[in-house]
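Asks: Here it is: the structure, laid out below.
Read the figures in this text as sums done on the coordinates, not as results from a lab. These figures come from a predicted structure and were not determined experimentally. Quick reminder, even Gly has a Cβ in these numbers, built from the backbone with ideal geometry, and neighbours come from all protein chains shown.
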Amino acid sequence: MLSSAIPKRLVVSLVLVGLVSLFMTSFAGLTSEHVSAQATGTNLKDLKFGTASTHQAGDVFIVTVDPYDENGDVNTALANVTYTWGGTCGSHASATTSVPSSTVTASSGGACTGTITVTATQSSGDAETHPAAGTLSMILNVNALASADPAPTYTDPSPVPEIVPDGLTAADVGIIIPSAGGSFTEVDGTASITVPAGAIANGTAAAVGIVTVASSGLPSPPAAATEGASSGTFTFGSSAVNVQWYDATGAVQTTYSLLKPAELCLPFTQDDLNGAAGGPDGLGIWRYSGTEWVSLNSSANIGTGTVCGTSSSFSSFAIGLDVAAPGAAASGGVALPGTGGYSPSVTILLLALMAGIVLVVTGSLTVRRVLWVRDIS
C-alpha cells in the first residue's frame, strides 16, 4: 500500500521544508517592501535645533537642524527648502544652503558667547517658513586657545669646543650641542645618526662617531620561540655598527644616554630584503644592551635604502632580519573565505520561492494520496 511505502516522517519533512523556504523568501524581501510602502512626507511642518555648542577659538565644525514633515518624521530630503544661517561669535561657509547643515568657523579672536541661528523656507507645495516668526537659535560658546608653552631655551658652551678624540680626526666625529643637536654620517659609509635639540645637558658639548663592525663579533641573536605569533628572534643583516660617544675633552664615554632619542639609520641590501620574513616589514634595527638584544622602533625606507630607528642609549646596533613565526611556513597562511555582508540576488530568491512552492505542493499531494488510500483500504 502507498501509505506504508511513504513514511509519514518524510511527508511531514517535505511540508515543513517548503513552509520554511516560503518564510525565508518572504522575510528576505520584507525590509525593502516595507520601506517602499511607507508614505514619504513632502511638506515642511516643523524645525528643531540643538541648545548649545562649545568649541575652541578657530575650530571648524558642522551644525545640523532637523526638518520634520507632516508625518512627524525627520525628513532631510524635503524638496525646495532653503535654510538661512546666521549668528554671532562665528561665521558660516554659506549663509544660504539647500541642506539642513552648515559649516561654521568659531571666532578666532578669543573667548566669546554668541548664537547660531537658522530659518527654513519651503517654496512649493504647502509653502511654509519655520519657525513662523523669527529664527531658531542655539548658544555658541567659544573658548580661547590655551597659551602655547614657551619655546625651550638651551645654553651652549661658549665657545663650542672642537672635539677630536685620541687616534681620530675631526672628520671621524660629529659635534652635538644643546641648542641644535647635531648629526654624523659614517666616513665612507651611509650609516648616520641625527640628534635633536635638547638631547644633551645645557652648557655641555659632546661628540659622536659610528664605526662599522663585523656581525660575527657580536653576541648571538636570541633563541627562536617554538610557538606563538612571533619567532622573537632575527638573523644578522649586512650592517652592524658601534655608536661611540665622547665628552667635551674627547674622552670615551663607556655609557651614554640622551635626554631625547636620536635617530640611527643603517643601510640594507637586496639580500637583506630577500632574507627577511615579510620583506621590508621584516627589516629592523636591534641594539645589544649589554645583556640582551632589544628591538628598536624602526622602519625601512625603500627609496633611501636604509632602516631607521630611535634610541636614547648606545652600544652595538645591527640590522635584524625577521624570522618567520613557528608554523607560519607550514600553514601557508590559509584563510577562510569571507561570508559577511552576503545578500542573495533576486534570481536566488525566486528560485528559493519556487522550490518552496514545489515542496509544499508535493507534500500536500502526497498527504492527500495517503489519506485517500487509507480511506479506501
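Asks: Go through region 152-159 residue by residue and turn each phi into a ³J(HN,Hα) via Karplus (6.51, -1.76, 1.60, θ = phi - 60°); whole Hz please, and just put x for glycine and proline.
Replies: Running phi through 6.51 cos²θ - 1.76 cosθ + 1.60 with θ = phi - 60° gives x, 10, 10, 10, 8, x, 10, x Hz.
Asks: Using only alpha carbon pairs under 8 Å that are at least six residues apart, calculate the relative contact order of region 44-143 and give it in whole percent.
Replies: 35
Asks: So what is the relative contact order of region 255-320, in percent, for Cα pairs below 8 Å that sit 6 or more residues apart?
Replies: Worked out over region 255-320, it gives 43 percent.
Asks: Could you calculate the FRET efficiency of V211 with A144 from 1/(1 + (r/R0)^6), where r is the beta carbon distance between them and R0 is 45 Å, rounded to 0.05?
Replies: According to the calculation, E is roughly 0.25.
Asks: Would you mind checking which residues have amide H under 5 Å from Y256's amide H? H placed 1.01 Å from N; only 5 or more apart, or other chain.
Replies: Amide H neighbours of Y256, under 5 Å, 5+ apart: F314.
Asks: What does region 170-325 give for Rg and for Dmax, in Å, if only its C-alpha atoms count?
Replies: 15.9, 51
Asks: Per-residue HN-Hα couplings for region 41-56, Karplus 6.51 cos²θ - 1.76 cosθ + 1.60 at θ = phi - 60°, whole Hz, x for Gly and Pro?
Replies: x, 10, 10, 6, 10, 6, 9, 10, 9, x, 10, 7, 9, 10, 9, 8
Asks: Could you tell me the distance between the Cα centroids of region 85-141 and region 53-75, to the nearest Å?
Replies: Centre-to-centre distance over Cα atoms comes out at 9 Å.
Asks: Arrange E227, E162, E128 by Cβ neighbour counts within 10 Å, fewest through most, would you?
Replies: Details: E227 8, E162 12, E128 16.
The fewest-first ordering by Cβ neighbours comes to E227, E162, E128.
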